[in-house]
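Trainee: Before anything else, here's the structure in question.
The values are calculated or read from the model by the stated rules, or taken from the named source; none is laboratory data. Source: prediction; values computed, not measured. Glycine gets a Cβ as well: all are built from the backbone with ideal geometry, and neighbour counts include every protein chain shown.
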Amino acid sequence: MKNKGKITGAVAASLAAAAMIGFAAATCDGKKQVQQKSSEATIVTNENGSISRTFTESTVSTNGNMVTERRRETRTTLDTDGNMLESSTSEYAQSYSVGDTGMLPLSASINDKCASGEQPVVADSFMGLKFGDEFKGTNFVSDADEPTLLRATFTPKKTLEGFDDYYVYVTPKTHKVVKVYACAKEAVDADASWRRNYLIEALQKRYNTWARPRSWCRPVYTFDIGGGRYVTACLSGASRDYETVVVAWDDALLTTAADETEAMRAESRKKAAERRRKWVSDVIDAF
């Protein structure tokens, strides 16, 4: 759903500007406990007239030599009469030692920047493959799970530690890069001294956006990287063959692949009809 315009009224401005900051100091082995809280809200009017509201609460706590960051985001969509159309909540938390670099304050989302007229840098590639470029491969195979795409294996210039296989999915006729997969047969975990998965941290910093949990029973996170492109990371139990899978894709190119597939099917149907007419004609002549 594309954003038509952002309402920057008193509610959103006051919530963003008047961030609640509270400090609670306590002595614990001579070290302080410090907690900082903040909140912000945005309201966006969509093309169909509905209104999307996002309320975000962030907390950063320091306890001894550990820092914990928590973020809770509530998103609601209302129709023109104020009726609730959709509501969802996502939470993310990470802990690390004091002195380590945590999540820097994130700027507005990439899509919000586009709506405000800014021109942010949108990620156009993943694992060294650029979305929309022709993949010069010959080992294409069909995939029952992706009937409008062809699949090929590739080796990136820089591989990921612990990952075994890399796949690229392309449009069936022009072979444009649509999806890129990195797969690990064993679950890829962070080092024992960390309490967050380094893959999630790396993706957040790479794309300057928060991870959004997508499953209540599995560690699955999605990243909106702007321009209709997304990254999803499943840290364990991803499929029958792989425990950890990271995939990036372009929505517009998925549509292109579907269009190419339909055009190829229409051409096949046309050729089949022509062959049948020829067969019938030959049989008539024989009779």
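Trainee: One residue is enough: does region 33-52 have a residue meeting the conditions under 20 Å from the mean Cα position of the chain (by Cα), not assigned by TED's automatic domain parsing to the domain that holds Gln204 and not hydrophobic (A, V, I, L, M, F, W, C)? Explain how you work it out, then say what you get.
Mentor: Filtering region 33-52 for residues under 20 Å from the mean Cα position of the chain (by Cα) gives 52.
Right, trim to not assigned by TED's automatic domain parsing to the domain that holds Gln204 and you get 52.
Narrowing further to those that are not hydrophobic (A, V, I, L, M, F, W, C): 52.
Within region 33-52, one or more residues are under 20 Å from the mean Cα position of the chain (by Cα), not assigned by TED's automatic domain parsing to the domain that holds Gln204 and not hydrophobic (A, V, I, L, M, F, W, C).
Trainee: Separate question: Can you report the number of residues in region 28-47 which are touching a Ser or Thr at 6+ places or on another chain (Cβ under 6 Å) and without any contact (Cβ under 8 Å) to a residue 40 or more places away in the chain?
Mentor: 5
Trainee: Mind checking which pairs have a first residue in region 48-76 that is loosely packed, with under 15 Cβ neighbours inside 10 Å and a second that is at pLDDT 80 or above and assigned to a loop (DSSP other than H, G, I, E, B), Cβ under 9 Å, 6 or more apart or different chains?
Mentor: Asn48/Asp79; Asn48/Thr80; Gly49/Asp79; Gly49/Thr80
Trainee: For region 239-255, name all the residues that are out of contact with any strand residue (DSSP E or B) (no Cβ under 7 Å at 6 or more places or on another chain) and closer than 17 Å to Ser142 by Cα.
Mentor: Hits for region 239-255: nothing passes.
Trainee: Additional query: Modelled with pLDDT of 90 or more, assigned by TED's automatic domain parsing to the domain that holds Phe135 and within 19 Å of the chain's Cα centre (by Cα) - does that describe any residue in region 184-201?
Mentor: So in region 184-201, the residues modelled with pLDDT of 90 or more come out as 184-186.
When the remaining residues are screened for being assigned by TED's automatic domain parsing to the domain that holds Phe135, the result is 184-186.
Narrowing further to those that are within 19 Å of the chain's Cα centre (by Cα): 184.
Within region 184-201, one or more residues are modelled with pLDDT of 90 or more, assigned by TED's automatic domain parsing to the domain that holds Phe135 and within 19 Å of the chain's Cα centre (by Cα).
Trainee: Testing Ala286 on (1) among the hydrophobic types (A, V, I, L, M, F, W, C); (2) out of contact with any Lys or Arg (no Cβ under 9 Å at 6 or more places or on another chain); (3) at pLDDT below 85; (4) within 30 Å of Glu73 (Cβ to Cβ), one condition comes back false. Which one is that?
Mentor: Result: Ala286 passes all but (4).
Trainee: Report the residue count in region 216-249 for those that are hydrophobic (A, V, I, L, M, F, W, C), surrounded by 17 or more Cβ atoms within 10 Å (Cβ to Cβ) and part of a loop (DSSP other than H, G, I, E, B). Spell out how you get there, then give the answer.
Mentor: Within region 216-249, the subset hydrophobic (A, V, I, L, M, F, W, C) is 216-217, 220, 223, 225, 231, 233-235, 238, 245-249.
Filter again for surrounded by 17 or more Cβ atoms within 10 Å (Cβ to Cβ), leaving 220, 223, 225, 231, 233-235, 238, 245-249.
With the extra rule that they be part of a loop (DSSP other than H, G, I, E, B), the set shrinks to 235, 238.
The total comes to 2.
Trainee: Another question, then. So His175 fits all but one of (1) closer than 22 Å to Ala123 by Cα; (2) surrounded by 20 or more Cβ atoms within 10 Å (Cβ to Cβ); (3) more than 12 Å from the chain's Cα centre (by Cα); what number is the exception?
Mentor: So His175 meets the others, but not (2).
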